[in-house]
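Working notes for the structure below.
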Amino acid sequence: MTKRALITGITGQDGSYLAEHLLEQGYQVWGLIRGQANPRKSRVSRLLGDVTFVDGDLMDQASLVSAVDAAQPHEVYNLGAISFVPMSWQQSELVTEVNGMGVLRMLEAIRVVSGLSGSRTPTVDNQIRFYQASSSEMFGKVAETPQRETTTFHPRSPYGVAKAYGHFITRNYRESFGMYGVSGMLFNHESPRRGAEFVTRKITLAVAQIKLGLQDKLHLGNLDAVRDWGYAGDYVRAMHLMLQQPVAGDYVVGTGKMHSVRDAVRIAFECVGLDWRDHVVIDPALVRPAEVETLCADNTRARTELGWAPEVDFTELMQMMVESDLRQAERERDFGDLLVSAGW
């Protein structure tokens, strides 16, 4: 039997890598698209090839029911979200609607299509398995380091608060309706497909431009903020593995190694033979209202139960991103390739 998967957020970094991985595993992949005019749809189609698109919006319950009914998926991966944390202070209501209530709407869509109620527990064979993209930002002002599945949440942004709601409502549907729902508490994961607004990609794009003499300075906020950064291509493997387990559970996914923004800057500039101190400007306006200083994953459960481990280390990741952005910057300089501004 060929498995079918429905992915929300398929045009984003994680969605595209996950779709590639599932296609390699022999899946039929459906991607939820918010409106046919989505500018990334054609690029995703060229990148992935055999993907079926279906209309849907995480802010529209009826559209999600229709999408799930049309795809008849064995697995649903809810990766759709407003994922740029600083934006959540400017548009907190929108971020909460999409990142929090959007999870509830998708769970309800699955429940309706599956015909589940509190008194009916689905069998292993007929249930739709659900993956929720939780976030390390839920840990926020951390109670312990490293963070594990049992670490208390203390989110420090509207984004983190909304993600915590999505996490708990997924657990609630698992306990209330017997739904197979899991949450992956993924720590920061990057790639050449990362949006230009995220700090790692902002750094590598600037390094490429500076190397080619197209830019002089890079403005950044808190260089001392520490994150557990990994490669997105590694992390989607963990998402898939979570939905293959006999019993649903939540997992922390990360490398277990911390690096500062300063480390990322230094490695990126070293890739092109430049000294970062000649080009980086500290801009206080770019510092978060409430900073999350230290995030580091305890990935013991993912390693032991899923058999998962990251394959790309932080230095390799930053080099990969710099090399990709340098190639794109050269194309833009030589051929005026306007697609570069879109990220990938």
Taking amide H positions as placed 1.01 Å from N in the peptide plane, with prolines and chain starts having none, which residues 5 or more places from V252, or on another chain, fall under 5 Å of its amide H?
-> E149, M185, A302
Exceeding the 32 Å Cα-Cα cut-off - candidates K163/K211; K163/K217; K163/K202; K3/K141; K141/K211 | K163/K211; K163/K217; K3/K141; K141/K211
Over all directions, what mean area does the Cα convex hull of the range 213-256 project, stated in square nanometres?
-> 5.5 nm²
Amide H neighbours of S135 under 5 Å, counting only residues 5+ apart in sequence or on other chains, H built in-plane at 1.01 Å?
-> L186
How much accessible surface does K211 have with a 1.4 Å probe, in Å² rounded to 10?
-> 100 Å²
Expected max-MSF residue from D55, D283, D250 in the GNM of the chain (alpha carbon, under 10 Å) is D283
The range 146-299, Rg to Rh (Cα coordinates; Rh as Kirkwood inverse mean 1/r) = 1.04
Counting pairs of Cα atoms in the range 267-331, how many percent are more than 16 Å apart?
-> 70 percent
Kirkwood Rh over Cα pairs of the chain into Stokes-Einstein at 4 °C, 1.567 mPa s: D in µm²/s?
-> 63 µm²/s
Compute the Kirkwood hydrodynamic radius of the range 154-222, taking the inverse of the mean of 1/r over all pairs of distinct Cα atoms, and give it in Å to one decimal.
-> 15.3 Å
List the relative contact order of the chain as a percent without decimals, with contacts defined as Cα pairs under 8 Å and 6+ residues apart.
-> 17 percent
Only bridges with both residues in the chain count here: give the DSSP antiparallel percent, nearest 5.
-> 5 percent
Calculate the all-directions average of the projected area of the range 211-329's alpha-carbon convex hull, and give it in nm².
-> 9.0 nm²
Select from the chain the helices, each a whole stretch of DSSP H, whose alpha-carbon atoms run 30 Å or more along the helix axis and whose Kyte-Doolittle mean is at least -1.0; answer none if there are none.
-> 314-335
In whole percent, what relative contact order does the range 214-332 give with Cα contacts below 8 Å and a gap of six or more residues?
-> 42 percent
Excluding L22 itself, what net charge comes from residues whose Cβ is under 10 Å from its Cβ, given Lys and Arg +1 and Asp and Glu -1?
-> -1
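The values are calculated or read from the model by the stated rules, or taken from the named source; none is laboratory data. As the structure is a prediction and not an experimental result, all values here were calculated from the model. Backbone-built Cβ (ideal geometry, glycine too); neighbour counts: all protein chains shown. In case anyone asks, the SASA skips ligands and DNA or RNA and just uses the protein heavy atoms, side chains included. Shrake-Rupley method; radii C 1.70, N 1.55, O 1.52, S 1.80 Å.
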